[in-house]
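Working notes, beginning with the structure itself.
The values are calculated or read from the model by the stated rules, or taken from the named source; none is laboratory data. The model shown is predicted, which means the values in this text are computed figures rather than measured ones. Cβ coordinates were reconstructed from backbone atoms using ideal geometry, including for glycine residues, and neighbour counts include every protein chain displayed. These area figures cover heavy atoms from the full protein model, side chains too; ligands, DNA and RNA do not enter into them. Shrake-Rupley method; radii C 1.70, N 1.55, O 1.52, S 1.80 Å.
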Amino acid sequence: MRRIIAEDPDWSITTVPNLSIICLQIIVNNFERNPIFETLTAAQKEFLQERLSPSLPLHVTAGVLPEGPYWRRCSQQKFAFCDVSVYGHSWKRMFLERHLENLIELFIPNASDPQAVLDVASVCDKYVKRLNVSQLLVPVVKPQRKSEEKDHNFILKRDMFFMDHFDFNILLQRLTNLEELHLTYRIKQCGMNFMWNMFEMTNRDCESLAKALQSCKTLKLFRLHQSHVDDRKCQLLVKHLVDHPSLTELDFSHNRIGDGGARAIGQLLARSKLQTLNLSNNLISCQGAKSIALALSKICTLESLNLLLNMIKDDGGQAIAKALLNNTTLRNLNLGGNDLTSVTAEAVSEMLTENKTLQSLNLSCNQLCGIGGEALVAALSQNSTIKECDVHLSQVGDQRSLLINKLLWARQSSPLKTQLSRSKWDT
């Protein structure tokens, strides 16, 4: 039997691929120059998305490729952890948002090109709904010469220059679908180059951000935390948020806001649609609490107020309790860690007998003592709307704390028992 040996060393017995597969592979190889996608069938589109290179430019892929395997591959290749549920189960949205966040977090003022960020923002505009920026870099400071070490004016100029960060005013007006903005003015992993000035925003940063917030009409949630925001900066930001058409949640937690900032926020409550306000871990005292209480006593839309870890004391606590006697919107109130005593507990107890809206109350880490605990037990026995009341570390005593928990547990379990009995009756 004779054998035929091919002279072509590349000859293979494998079947030649279909012509359609060869054409699709050519489209893949030339996609950057000629992005053909919409005219293909569903199976052909799937073929392309599984084979296109994740390194293709965004201006080519963002407007052409829909949600699908391509964006899943891009995300898993670039990011170590991918929780797509946080992004509405959209791989495309997750990749574009996190890519833009990385550009902002690695942007070096006076060194990086802002146009690169703006180009990506223009491409991602339709898909970016949330930005979570966890660091903002500062300009690179050149090593000073020995002759400049003792020059006081040079040091002042250097510090002023050193502190400006990314300008959000040029970015937010391009993101017409942005709904959430989370910012922290700090530097991660700064090492031996640590300076306290790296962890706060400058006045120019604040002015730029305030104008940006005013121009972003779709924003629903704004969070600026751990950024050393003081009264002046808070007042400037709030001034530009007055009469904002869509903002419903504001978070200024872990800053240095005092009574001046609280007064400005109190005025904001009367001229906004805010539903959630978080001012935990600031420097607000009784005067600032009274300003917020005045807003609560009038017509406002606030449903959740968090004043945890401030210094409002009894005068501020009593003012808020009095304001809630006629308030019909607030559902959650946190006054933990505010140096409150039994005086505030009694005022809150009196409020609970009248208020039928409040559902969650936190008075933990205060000094309510036994008298305050007894007043709360008596009030909760008459109130049917409170579902949570946290009094741990408030010196109310174990027995009174247990009574409060029993009252709330019985209230929460009764609807479940009623539902179970109805289901048994139906069966």
Computed from the mean reciprocal separation of all distinct C-alpha pairs, what Kirkwood hydrodynamic radius does the chain have, in Å? 26.0
Once all protein chains are kept in place, residue 309 shows an accessible area at probe 1.4 Å, nearest 10 Å², of 90
Could you compute how much accessible surface residue 85 exposes when probed at 1.4 Å, giving the result in Å² to the nearest 10? 60
So how tilted is helix 313-323 from the main axis of the chain? Cα-based, degrees 0 to 90, rounded to 10. 90
Pull up the cross-link candidates among the aspartates and glutamates for residue 45, meaning alpha carbon to alpha carbon under 20 Å and not fewer than 8 places away within one chain. 32, 67
Which number do you get for Rg(Cα) / (2.2 N^0.38 Å) in region 1-144? 1.49
Residue (of 397, 378, 412) at the positive-pole extreme of region 371-414, dipole from beta-carbon charges: 412
Rounded to two decimal places and with Rh computed the Kirkwood way over Cα pairs, what is Rg over Rh for region 19-82? 0.96
With the Cα gyration tensor of region 270-383 in hand, convert its eigenvalues to equivalent ellipsoid semi-axes via √(5λ) and list them largest first in whole Å. 20, 17, 11
Compute the helix-to-body angle for 114-124: its Cα long axis versus the longest principal axis of the chain, expressed 0 to 90° and rounded to tens. 90
Give, rounded to the nearest 20 debye, the magnitude of the charge dipole that the chain has about its Cα centre when Lys and Arg contribute +1 at Cβ and Asp and Glu contribute -1 at Cβ. 440
About the Cα centre, and with charges only on the beta carbon of Lys, Arg (+1) and Asp, Glu (-1), how big is the dipole of region 19-82? Nearest 20 debye, please. 160
Of 246, 308, 108, which is farthest towards the positive pole of the chain's charge dipole, taken about the Cα centre with +1 and -1 on the beta-carbons of Lys, Arg and Asp, Glu respectively? 246
Cα-based helix-to-principal-axis angle, 259-270 vs the chain, degrees rounded to 10: 80
Once the Cα gyration tensor of region 229-418 is found, what semi-axes does its equivalent ellipsoid get, as square roots of 5 times the eigenvalues, in whole Å, sorted largest first? 29, 18, 13
